[in-house]
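Working notes for the structure below.
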2 protein chains.
Amino acid sequence: MFKIFPYCTKTTTQLTDLQLYFWTGRQNIISMEWKLRVLPLNVQRPVPSDISISRSQEPKDIANLAEEIGLIKEEVILYGSKKAKVSLKTLDRLDKEQDGKYVVVAGITPTPLGEGKSTTLVGLVQALTAHKKRNAIACLRQPSQGPTFGIKGGAAGGGYSQVIPMEDFNLHLTGDIHAVTAANNLLAAQLDTRMFHESTQTDEALYNRLVPKVKGVRKFSAIQLRRLQRLGITKTDPDSLTSDEISLFSRLDIDPNNVVWNRVVDVNDRHLRKITIGQSPTEKGLTRETSYAISVSSEIMAILALATNLEDMKNRLSKMVVAFNRKGGPVTADDIGMTGAIMVLLKDAIEPTLMQTLEGTPVFVHAGPFANIAHGCSSIIADKIAMKLVGKDGFVVTEAGFGSDIGMEKFFNIKCRTSQKTPNAVVLVTTVRALKMHGGGPPVTAGAPLKKEYTQENLELLEKGLPNLIKHISNVAKYGLPVVVAINVHSNDTPAEHELIRKSAIAHGAFDAVVASHWSDGGAGAADLASALIKACESADSKFKFLYELESSIEDKIFKIAHEMYGAANVDLNDKVKEAIKLYTEKGFDKLPICMAKTSNSLTGDPAIKGAPTGFTLTVNDISLSAGAGFIVPMCGEISKMPGLPTRPCIFDIDLNTETGEIEGLF
Amino acid sequence: MFKIFPYCTKTTTQLTDLQLYFWTGRQNIISMEWKLRVLPLNVQRPVPSDISISRSQEPKDIANLAEEIGLIKEEVILYGSKKAKVSLKTLDRLDKEQDGKYVVVAGITPTPLGEGKSTTLVGLVQALTAHKKRNAIACLRQPSQGPTFGIKGGAAGGGYSQVIPMEDFNLHLTGDIHAVTAANNLLAAQLDTRMFHESTQTDEALYNRLVPKVKGVRKFSAIQLRRLQRLGITKTDPDSLTSDEISLFSRLDIDPNNVVWNRVVDVNDRHLRKITIGQSPTEKGLTRETSYAISVSSEIMAILALATNLEDMKNRLSKMVVAFNRKGGPVTADDIGMTGAIMVLLKDAIEPTLMQTLEGTPVFVHAGPFANIAHGCSSIIADKIAMKLVGKDGFVVTEAGFGSDIGMEKFFNIKCRTSQKTPNAVVLVTTVRALKMHGGGPPVTAGAPLKKEYTQENLELLEKGLPNLIKHISNVAKYGLPVVVAINVHSNDTPAEHELIRKSAIAHGAFDAVVASHWSDGGAGAADLASALIKACESADSKFKFLYELESSIEDKIFKIAHEMYGAANVDLNDKVKEAIKLYTEKGFDKLPICMAKTSNSLTGDPAIKGAPTGFTLTVNDISLSAGAGFIVPMCGEISKMPGLPTRPCIFDIDLNTETGEIEGLF
C-alpha cells in the first residue's frame, strides 16, 4: 500500500480513509459482507436482572464495531468507547449502494406492562447477525429520562436481548434529548420575551433595536429578510421601509391567549402541567397560563425524527407554528428568528448514535418522538444510513410505538411516505398474557402480582382474545406486506397456548407465526423468527401501498384510519374540530398526513375496551397542527403530555457506588 | 517491548497502557517534560472575528494532546476528536507526584464589557507553554448557554487567545450543564410530587407504598435506612415500626411556603422568574409560587465545582437543604431520596473536559458556578488533575469570576480551603478603559460606541482611576501572595497610559506589572507576562494565609470580608438576616465559609459607585444557606438568578450552513 496515486503526492499511509476510498475505488474499501465479531452469551438460569446481564458482557470498542460494519474513520464521532455518532456524510459516500430489506416491529394492543416489542427487535437482530450471518441493524428510539426515574422499566430491551451498556442507553446517551429540550425552551423564551418587548416599546424603538446601526451600518439579517419576503416586502435597505412596513415587520402582534408552543423538560414533573408565568414585577404584568410537557413530545423531536437531511430539517423547523397573532394568522419559528439557532443547537443531535446489542451486533439509537401526539418512530436518517450499511441482502429492523393501529399506521403513512423508503415486512409481537387480557382476563397492573388467569394455562380465555391479534394481522395486510407473528415467550406460557396462537395467526393470513425466547436465550431464541422473517422478505410478493392518499380531505383520512385500522363505524367530530379542519383546509394544510392521538390500550378510543370491537363511534374532541413536523393531530380523548412520579419512584433504589463508579439499582 | 513480565502471561504489546504503567514502573511511562506539538499562529491584521480565528486553526486530535500531556488511554474518554473527558482515575495514578504551581487570574472592578480575564488566562498559558516551554494547563469554567444566545460575547477567550473549537466550548460541550439541569429538576419534581402524595394519602397508605412488599418481601432501600438513622430509628425491619415511627418516617411534612429549591433552565427566560405551578386539576389545588433560575446557579453546580472526589460529592449532595418542614426543620435532598439519582445523573459530569488553546496547549473546562450566589470558580477536581499533570515545575492557571473582591476572595477562602491546595501567585487583569471609568469617565455600555475619554489618551482620568487597581493589589497582599498585574492592551491605549499603570502598580506592591497583547498577538503577546509570573512563583517568598478563620462568628466573617476586601467601615444586617444567622449558629452551620453575593460593578454594594471608596456601610438584606455546597450566602442588594433576552438577541444572526455543516454568526 505504498503506491503513489496520480492526483496525489502522498503515499497511501498518509491518506485518510476517505481519501483512500475515493482514490482507490470504492470496491477496495467497501464490503457488504461484514466481518463482525460476535460476542458469545453466557446464559444463566434463572435469568438475572437486566443491569446485571448488561454488566456481565464487555462491549466491543465501538470504533471496532463501526469499522466492522463498513464505516470509515471520518464518519465516526466517538463518545467514549461504547457510543459513537455517525456522520451524515455516510449517506453521500454510500449514495449509489442498494438499500437492504426494511422491517418494522409492531405489536398487538398491549397490556400496561408492554409486550416486549423492543426486546423482540433486539433479539431479532441478534439472531439475524449472530446466528443467521446476515447483516442486520436495529433502529431504536432514544428513551425519555422521565420514566427511567419513575416506574422501573428499561427501554433497551431486556434479559438476553438488550442494547448495552444499558445505563448509557437510558441516561443522557449522546445528549440529543437535552439538545431538543434546549432548543424548545430557547424558542419559548424568545417568544415570551418578544411579546414583552413589543408590549413595552413603540414601533420605532422596536425597529431601531431589531435593526440597529452597527459601526454606522444598518442591515437586515438573513432571517429578517426571509420575514420581509413572507410579508411581501422586497426592500433590503432598512432605512427605506415606510412606517407601515416598519410596524408590519416589527410587530408579530402575538395573541397571548393563542400561544401554542409549550416549554418542555425531560422529567416526570406533574406540577408543571399547568402553570402561570411572568409573575415577577420585572415582567410588568405580562402573565399568562401555559404548560410544560415532557421533552420527547416537542415538535422539534418529531422533526428530528422525520427530517431527511439538514436542509429538510431547517425547512421543517422554520415552518413550526408557535402562536397565532391577534388577526388569527400563524406566527412561525422563523418569524421569531429561531430557525438558525435551533439548527445550531441540533447540529450534533441530527447524527444517529451507534451502540451494540449483547451479542455485539450494531444498533442505531436516534430520536424518540411521542407515539400519540407525534408519530412514535425512530429517525428516518438512522434508517437510511442503516439500509446502506447492511447492503442489499441485509436487514434493517426498526420500531413503531404501541399497537399496529397506532405506531405502525403512522410508520407507513407518515414516516415511509416522508422517507420514500418501502418496507418489506412486518413483525407483529404478541404475548399469551395480552391475548388473555383481550379475552376477558382481569386487569393487568404494573407493580401488582399477575392473577392466576395469567399464570396458569387457560386456552379458553386465550382463544377469546385471539380476535385482537387477528385484527392486527389484517391491519398489516391492508398495506400489502407479509406479517410474521412473534410470540414473545413468558415463563408461565404453555406449549398448547403457543400452538393455539400459531395456528390461528397462520389461518388468518400471517406469513408465519413463531415462538421466540430471546428474552431468556438471546439471539438463539429468535433464530426461528429470523428464519421466518428472511423467508418472508425474500419470497413474499410484497406490494406496499399506503392506506390513504394525501389528496383526500382531512375528514376522509381520519375516517379511513378509524374505520380500517381501529374498526370504527363512525367518527364524531365536534364543532371546534370541524372549524379547525375548515381553517387548515383554507390555509392549505389539508394535504398533510394524519397523526392520530389515541389511547394505546384499546383499538377504540376508550382504554377500558379490550378485544377487537367493531361498529363503534370514535370521538375526536380536539385537533392540532404540527406544520413543521408536517402532520395534523386529531385527538381522541385526553392525552397527557406530562407523566407523574409514583409515591415510590425508582429514584429510591438508584445509587452510584463511589468505590467502583458503577450505577446500582437501575432496573 | 516484547519482554514478558513475571505476573503476566501477555507480551507488552497486548497490555493496556494502564497495565504497562504498573508493570514497568512509573518512570517508564511518565515524563513531566511534555513533548507537546505547538500549533503556530498565522496572525492577521486587522484581527478577524473570534469565530473566524477559531476556524482558521485546525485543532490537534484531542487524543494526541492527551498523550502529549501524559494521560494514558484508559484515562481519556473521547467526545469526538476535539473534546475528551478525563477520568478521575488519573488522580490515583499520579497520587505520589508533586503538584505544579497554582496561579489564579483575578481582575479589578470591571466595566460591563469585561476586562478580558479569560482571554488573559488563555493568552498566558499559550505563552507559558508555546513560548516559555513550561508545562501549563488553563482551567476554565463552562459557560452557560443562556448568554450565548443573548448578547454577543464568547467565554472562550478572544482574538488570538482562545479555546478551540469555540463553538463546542459555547454549546453543549460534553453535556455537564445539561446533567446539572436534569438533576436539579428531577429533585424539584420529586419534591413537589412528594408533597402531593403526602397530602392525598393516609400514613398507612403512604408507608405501604414507600416500603412495598416485592415478591413477598418488604425492605428499606439504603437511602431510606439513612433517613431512619437521622430520625433516630434503628430498626431495619419495615414491619416493626410503631405507628408513630411510620408517621415520622413517611411524612416529610414540607411547608409549601418554605420550599427553597428552585427549578432551573440554561436559557435566559425572564418569564420564569416568578411562576405558579400545580394549576392543573390533576394536582388537586396544590398550587404554589416558585421560580426558575439559570442552571449554573443551581447548588448542584456549586457542588460539582467544590467536590474533591466522588464520595465527597455524594456527601455534599445529600446535605442540600431543599425545604423546611412545618416545624421549621430542614428537609434535605437525602430525605426525599435523591442523593443516588443525582450522583448517577452526574457520573460523567464529574470528569473535566480537555480542550486546547489556539496554540495547541491544554485546557480543562469544568463546572461553572455563579460568581455571586456561588463561588464562581472552575472545579477543584480539574485543578487537582491539572496540577499533577503539569508536574512540580509546571503551572496551572485557573480563573475566579469578577474582581478580586468577589471571585478571588472566594477562590481563596472557599475553594482553596476546601481543596487544601496552596496558591502561589495572582495575576490581576486591568485595562486602561476600566481605570478611566473608575477615574470618573462616562458610563461604559455594551453595544454602544465608546466615548472619546476612552478612545484618546487621557492620563489625568487614568490617574484618578488608579486607586481601584491599588485596592485590588492590596487585596491580594492580604493573602500573602505576589501579584503580577497584567495590563490587557486595547487598540486605543497609548504607551504613556500603560507606563502610568505599570509604575503605579509596582509602587503599590505589585511584584511586577506587564503590558500584554495576547488578544492581537496570541501567546507571544503574553510572553513577558509569563516571564514575570514564572519569576514571581519561583522567587517570591509566598506565605499564603486565609483572610478569616472558620471559627469566627458569621457576623465577624462577613465584616472581615466587607472591611478588608471592599473597604467598608460598617456592615448593616437587618433583623431577618440577624435571625437567620442566629438559626444557622444554633444548627451548627456557623463554621462554614462565607460566599458574599454582591454586585461585581463596584467595590461597594452599589453598582454605580466606582473607584475605591472607603468608610461606607455595606447592607446585607438577605442571607441563605447552601448546606451542600458548604457555605453561607449573605446577599447585598437584589441578585438576579435569571437573565433576560434583549430585543435583538444574537439568535437573529446564528445559523447552520446546511451545505458545509458550519455554524455562522456565533460571535
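The values are calculated or read from the model by the stated rules, or taken from the named source; none is laboratory data. Source: prediction; values computed, not measured. With ideal geometry, Cβ positions are generated from the backbone for all residues, glycine too; neighbour counts draw on all protein chains shown.
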Is it the case that B:Thr339 is within 14 Å of chain A (Cβ to nearest Cβ), in contact with a helix residue (DSSP H, G or I) (Cβ under 6 Å, 6 or more places away or on another chain), of a type in the set (Ser, Thr, Tyr) and within 29 Å of A:Phe667 (Cβ to Cβ)? yes
Legend entry - Test: residue in the stretch B:208-219 that is facing chain A (nearest Cβ under 9 Å) and touching a residue at least 40 places away in the same chain (Cβ under 8 Å): yes
Within the stretch A:346-361, residues being within 12 Å of chain B (Cβ to nearest Cβ) and either at positive phi or in contact (Cβ under 8 Å) with a residue 24 or more places away in the chain (or both) number 5
Out of (1) within 11 Å of another protein chain (Cβ to nearest Cβ); (2) over 27 Å from B:Gly360 (Cα atoms), the one B:Ile151 does not meet is (1)
When restricted to B:Asp312, B:Asp255, B:Asp244, B:Asp239, the only residue more than 7 Å from chain A (Cβ to nearest Cβ) and in a strand (DSSP E or B) is B:Asp255
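Here is a yes/no grid of residues against (1) farther than 30 Å from A:Ile609 by Cβ; (2) of a type in the set (A, V, I, L, M, F, W, C); (3) within 14 Å of another protein chain (Cβ to nearest Cβ):
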{"site": "A:Arg55", "(1), (2), (3)": "yes, no, no"}
{"site": "A:Asp61", "(1), (2), (3)": "yes, no, yes"}
{"site": "A:Leu91", "(1), (2), (3)": "yes, yes, yes"}
{"site": "A:Gly100", "(1), (2), (3)": "yes, no, no"}
{"site": "A:Gly107", "(1), (2), (3)": "no, no, no"}
{"site": "A:Gly123", "(1), (2), (3)": "yes, no, no"}
{"site": "A:Ser161", "(1), (2), (3)": "yes, no, no"}
| said: Can you find a residue that is more than 14 Å from every other protein chain (Cβ to nearest Cβ), more than 21 Å from B:Glu299 (Cβ to Cβ) and in contact with a Pro (Cβ under 6 Å, 6 or more places away or on another chain) anywhere in the stretch B:569-589? | reply: no
Scanning the stretch A:220-231 for residues that are among the hydrophobic types (A, V, I, L, M, F, W, C) and within 10 Å of chain B (Cβ to nearest Cβ) gives A:Phe220, A:Ala222, A:Ile223
How many residues of the stretch B:250-277 are free of Cβ contacts under 8 Å to residues at least 24 places away in the same chain and not polar (S, T, N, Q)? The answer is 3
When (1) free of Cβ contacts under 8 Å to residues at least 12 places away in the same chain; (2) part of a loop (DSSP other than H, G, I, E, B); (3) of a type outside the set (Val, Ile, Thr) are applied to B:Leu583, the one that fails is (2)
Per the filter on the stretch A:325-334, residues within 20 Å of A:Phe631 (Cα to Cα) and either modelled with pLDDT of 95 or more or within 14 Å of chain B (Cβ to nearest Cβ) (or both) are A:Val331, A:Thr332, A:Ala333, A:Asp334
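For every residue, the table says whether it meets (1) acidic (Asp, Glu); (2) closer than 27 Å to B:Ile164 by Cβ; (3) surrounded by 24 or more Cβ atoms within 10 Å (Cβ to Cβ).
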{"position": "B:Gly328", "(1), (2), (3)": "no, no, no"}
{"position": "B:Pro352", "(1), (2), (3)": "no, yes, yes"}
{"position": "B:Gly368", "(1), (2), (3)": "no, yes, yes"}
{"position": "B:Leu389", "(1), (2), (3)": "no, yes, yes"}
{"position": "B:Ile414", "(1), (2), (3)": "no, no, yes"}
Q.
Can you find a residue that is within 14 Å of another protein chain (Cβ to nearest Cβ) and without any contact (Cβ under 8 Å) to a residue 12 or more places away in the chain anywhere in the stretch B:443-457?
A. yes
Matching residues in the stretch B:543-555 (loosely packed, with under 15 Cβ neighbours inside 10 Å and either free of Cβ contacts under 8 Å to residues at least 24 places away in the same chain or of a type in the set (A, V, I, L, M) (or both)) number 2
Requested in this report: Examine the stretch B:79-93 for a residue that is surrounded by 19 or more Cβ atoms within 10 Å (Cβ to Cβ), more than 24 Å from the chain's Cα centre (by Cα) and β-branched (Val, Ile, Thr), and state whether such a residue exists.
Outcome: no
Reported set for the stretch B:171-207 where residues are buried (at least 23 other Cβ atoms within 10 Å of the Cβ), hydrophobic (A, V, I, L, M, F, W, C) and within 8 Å of chain A (Cβ to nearest Cβ) is B:Ala179, B:Ala182, B:Leu186, B:Ala188, B:Ala189
Taking the stretch A:622-667 and keeping residues more than 7 Å from chain B (Cβ to nearest Cβ) and charged (D, E, K, R) leaves A:Asp622, A:Glu638, A:Lys641, A:Glu659, A:Glu662, A:Glu664
Discussion item. One residue is enough: does the stretch A:216-224 have a residue meeting the conditions touching a strand residue (DSSP E or B) at 6+ places or on another chain (Cβ under 7 Å), within 30 Å of A:Ile77 (Cα to Cα) and not in a loop (DSSP other than H, G, I, E, B)?
Written reply: no
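Let's see how each residue does on (1) in a helix (DSSP H, G or I); (2) within 22 Å of A:Ser297 (Cα to Cα):
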| position | (1), (2) |
| --- | --- |
| A:Arg134 | no, no |
| A:Ala138 | no, no |
| A:Ala155 | no, yes |
| A:Ile177 | yes, yes |
| A:Ala183 | yes, yes |
| A:Asp192 | yes, yes |
| A:Phe196 | yes, no |
| A:Tyr207 | yes, no |
Condition set in contact (Cβ under 8 Å) with a residue 24 or more places away in the chain and assigned to a loop (DSSP other than H, G, I, E, B), scope the stretch A:278-309, selection farthest from A:Ala341 (Cα to Cα): answer is A:Lys284
Among residues of the stretch A:619-658 being among the β-branched types (Val, Ile, Thr), assigned to a strand (DSSP E or B) and in contact (Cβ under 8 Å) with a residue 60 or more places away in the chain, the residue nearest to A:Ser318 (Cα to Cα) is A:Ile632
For the stretch A:250-271, indicate whether the set of residues that are within 30 Å of A:Gly216 (Cα to Cα), in contact with a helix residue (DSSP H, G or I) (Cβ under 7 Å, 6 or more places away or on another chain) and surrounded by 19 or more Cβ atoms within 10 Å (Cβ to Cβ) is non-empty.
-> yes
Scanning the stretch A:217-231 residue by residue, the ones that are more than 30 Å from A:Tyr292 (Cα to Cα), crowded, with 18+ Cβ neighbours inside 10 Å and of a type in the set (A, V, I, L, M, F, W, C) total 2
Given the criteria surrounded by fewer than 14 Cβ atoms within 10 Å (Cβ to Cβ), over 30 Å from A:Val267 (Cβ atoms), facing chain B (nearest Cβ under 10 Å) and of a type in the set (Ser, Thr, Tyr), does A:Thr234 qualify?
no
Of the residues in the stretch A:264-293 that are within 27 Å of A:Ile651 (Cβ to Cβ) and among the acidic types (Asp, Glu), the one that is farthest from the other protein chains (Cβ to nearest Cβ) is A:Asp266
task = Output yes when any residue across the stretch B:544-561 is modelled with pLDDT of 95 or more and part of a strand (DSSP E or B), and no when none is.
result = no
When (1) out of contact with any strand residue (DSSP E or B) (no Cβ under 9 Å at 6 or more places or on another chain); (2) over 22 Å from B:Asn184 (Cα atoms) are applied to A:Ala627, the one that fails is (1)
